[in-house]
Amino acid sequence: MSDRHRGKTAVVTGGANGIGRGIVERLHADGANVVIADIDMSAAASLADTLGANALAIETDVRDEAALTSCVTQAVEQFGDLGIMVNNAGYIMFSPIVETAADDWRRMMDVNINGIFLGTKVGAQQMIAQGKGGIIVNASSGGGRKGVPNFAHYCATKAAIIMMSQAAAGELAPHRIRVNCYTPGHVETPMMSGLLDKIAGAQDMSRDDAYQALKDEVPWGRWGKVEDVAAAVSWLACDDAEYITGQCIAMNGGQLPW
Amino acid sequence: MYALDGKVALVTGAGRHRGLGEAMAKRLATEGAKVVITDIGAEKGAQFAAEHIGTTAEMDEIAAEIKQAGGEATPHICDVLDEDQVAGAVKKAVDTYGSLDIMINNAGIGYLMTDILNLEQKDWDAVLNVNLRGVFFGIKHAAEQMIAQGNGGSIINIASQAAKRGFAGAAAYVSSKHGVVGLTRTAALEFGPHNIRVNSICPNHVTTGLGAWQNEHFSAAGGQSEDDYMSAMESRIPLGRVGLTSDIASTAAFLCSDQAPYITGQNLDVSGGEEMH
């Protein structure tokens, strides 16, 4: 990897599993001190143990502003100024609109968009106080740019993240804080694996066929990997990308080429 | 940082000091790539205003500077209006360094800017043919070579902020750059199965040689001093400054590296937040 993030402190919400874990591992490999902020404390602690001295697990529910503030405070106490805030925590659920309970809708809004707003807010507050700028990267999705049947709530949150991030990019630029999003396509994660059965069921096909059908949508001919996302996040957070803000970076094998 | 050792890159329009092409070629060379730099050269460029055309000597100087810095570079005259010459530039890269792994279609016309009512066909054609048809030739011949090699590759087209919005008084330029976006998306679809990624970079204003001409031209057209024109521009840009050639060069290096293995069909704004779509 590189040492381009050496000495920087990075907080990654939802950093214990899936894409978040890949981002934690990449930033760590590129020299950062990483804080794994997650509700899954056992997975977070296990990852921190694996990574060693410059990794810290903090149990954090992104719906809770006080918990996020405490997480950032601990991160700074442990490792110094916050340089990189990756608001990655989120989830996906298969749920046709007519079957979606209002509470399920509200819960997804609470985690996927409110949690990213709060992470952006708390991260920006800390970076403004430090006065040295910083990088915020937010998790959107191809589903935030194109509606996907049976995922209306997820797509709504991911689209909202893009607009929130654009507004934040304009607002925080005078503080030298850059705000960007990543918009992956289908990525090989435990979360997507769990979804495949439902996607297959809705289309009356086998799980393997559903996997293949999603793969066939991608000109590049494979599903995305967490490493694809992690490499782009690490790059967005480095000085070579210092003029890039307000952007959505898609790593989707050309699936949504726009 | 981008591990381009052993890669062979061709950068068109790389024969002017202060230009995007020069900056990209130098960055790729620093990262270990062997580069062929091309430009139209004064002899072939007689049809265009002399101040916008580099001399062959200037391109040779840039190649020499890359070598002095420890890199590997070969200059080659290529008029992207001529398909045979574009094919010849690809052949030059292969003959010289054995392959072509990275193609950067950078050559473009950033002047001939006139409002639609006064825009003559010859100027429209010149801009479209260099900025869009030239990129088409570059993609076509680079992809053909990369497919024959069988190892994939990366193609980067230099579009513009003018690919994402209109600019009064620049219809031909804006149209050509919007076209580059459509071409990029289509090429990404066609060449994905061959592991060739195709992306574009959309810079906002960069004060290259052409950029300096644009500042003079548009400030005069708007009845502003150049300082006032630049201040107004900077105040529109969230990050508060115009682009630098280094911003574009580092983005190009990233896009053609193995750090962007799944990024294709994208048209990336490098604009300090001035464009966000």
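Only Lys, Arg, Asp and Glu count, each charged at its Cβ (+1, +1, -1, -1), so figure out the dipole size of the protein assembly as shown about its Cα centre, rounded to 20 debye.
340 debye
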Tell me which residues come under 5 Å, amide H to amide H, from B:Ser200 once H is placed; ignore anything under 5 positions away on its chain.
-> B:Asn157, B:Gln266, B:Asn267, B:Leu268
Two-decimal log10 I(q)/I(0) for chain A, as the Debye equation yields it once each C-alpha is a single scatterer, q = 0.10 Å⁻¹ = -0.46
Averaged across the residues of B:142-152, what count of C-beta atoms belonging to other chains lies within 10 Å of each residue's C-beta?
-> 0
Using 1/(1 + (r/R0)^6) with R0 = 22 angstrom and r between the beta carbons of A:Asp40 and B:Leu189, what's the FRET efficiency to the nearest 0.05?
-> 0.05
Between the residues A:Pro184, A:Ala213, A:Met163, the Cα farthest towards the positive end of the dipole of the stretch A:158-245, that dipole coming from +1 and -1 charges on the beta-carbon of Lys, Arg, Asp and Glu, is from A:Met163
Relative contact order as a percentage, the stretch A:1-42, C-alpha pairs under 8 Å and 6+ apart, gives 50 percent
Per the 1/(1 + (r/R0)^6) rule, R0 = 25 Å and r from the Cβ atoms of A:Glu217 and B:Ser99, FRET efficiency to 0.05 is 0.20
Fully extended, how many nm does the chain gain between B:Ala212 and B:Ser235 (0.36 nm per residue separation, minus their Cα-Cα distance)?
-> 6.5 nm
The simple spin-label model distance between A:Ala53 and B:Ser225, using points 7 Å out along Cα→Cβ, in nm, is 5.7 nm
Step through the residues of the stretch A:195-202 one at a time and calculate ³J(HN,Hα) from phi using the Karplus curve (6.51 cos²θ - 1.76 cosθ + 1.60, θ = phi - 60°), rounding each to whole Hz and writing x for Gly and Pro.
-> 7, 4, 4, 6, 5, 5, x, 5
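Arrange B:Leu189, B:Leu183, B:Leu10 by Cβ neighbour counts within 10 Å, fewest through most, would you? Kindly include the intermediate steps, with their values, before the conclusion.
Values: B:Leu189 15, B:Leu183 20, B:Leu10 34.
Arranged by neighbour count, lowest to highest, B:Leu189, B:Leu183, B:Leu10 become B:Leu189, B:Leu183, B:Leu10.
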Cβ-based charge dipole, chain B, positive-most Cα from B:Ser219, B:Gln266, B:Gly179 | B:Gln266
When B:Arg18, A:Arg26, A:Arg176 are ordered from fewest to most other Cβ atoms inside 10 Å of their Cβ, what list results?
-> B:Arg18, A:Arg176, A:Arg26
Just going by the charge dipole of the protein assembly as shown, with Lys and Arg at +1 and Asp and Glu at -1 on Cβ, which of B:Thr38, A:Ala53, B:Asn204 is farthest out on the positive end?
-> A:Ala53
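Take peptides A:38-51, B:90-103 and line them up by average Cβ neighbours within 10 Å, highest first, as a rough protection proxy.
In decreasing order of mean packing, A:38-51, B:90-103 become B:90-103, A:38-51.
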Label-point separation in nm, A:Ser2 to A:Glu188, each point 7 Å along Cα→Cβ = 2.5 nm
Residues whose modelled amide H sits under 5 Å from the amide H of B:Gly153, counting only those 5 or more places away in sequence or on another chain, are B:Ile196, B:Arg197
Name the long-range amide H neighbours of A:Ser2: under 5 Å, sequence gap of 5 or more, or other chain; modelled H, no Pro or chain starts.
-> A:Asp30
Going residue by residue through the stretch A:109-124, the Karplus relation 6.51 cos²θ - 1.76 cosθ + 1.60 with θ = phi - 60° gives ³J(HN,Hα) values, rounded to whole Hz and with x marking Gly or Pro, of 4, 5, 7, 6, 10, 4, x, 7, 4, 5, x, 5, 4, 5, x, 5
Cα→Cβ-extended label distance, 7 Å offset, between A:Gln203 and B:Asn118, nm | 5.6 nm
Karplus-derived HN-Hα couplings along the stretch A:125-136 (A = 6.51, B = -1.76, C = 1.60, θ = phi - 60°), whole Hz, x at Gly and Pro | 4, 5, 5, 5, 4, 6, x, 10, x, x, 10, 10
Could you line up B:Arg236, B:Arg185, A:Arg178 from fewest to most neighbouring Cβ atoms inside 10 Å?
-> B:Arg236, B:Arg185, A:Arg178
Return the subset of B:Lys26/B:Lys91; A:Lys158/A:Lys215; A:Lys225/B:Lys34; B:Lys122/B:Lys164 for which the Cα-Cα distance in this structure is over 26 Å, preserving the input order.
-> A:Lys225/B:Lys34
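Quick note: the coordinates plus some simple rules give every number you see, no bench work behind them. Note that the structure is predicted; figures quoted are calculated from it, not measured. When we count neighbours, we look across all protein chains shown, and the Cβ atoms used for this are built from the backbone with ideal geometry, even at glycine.
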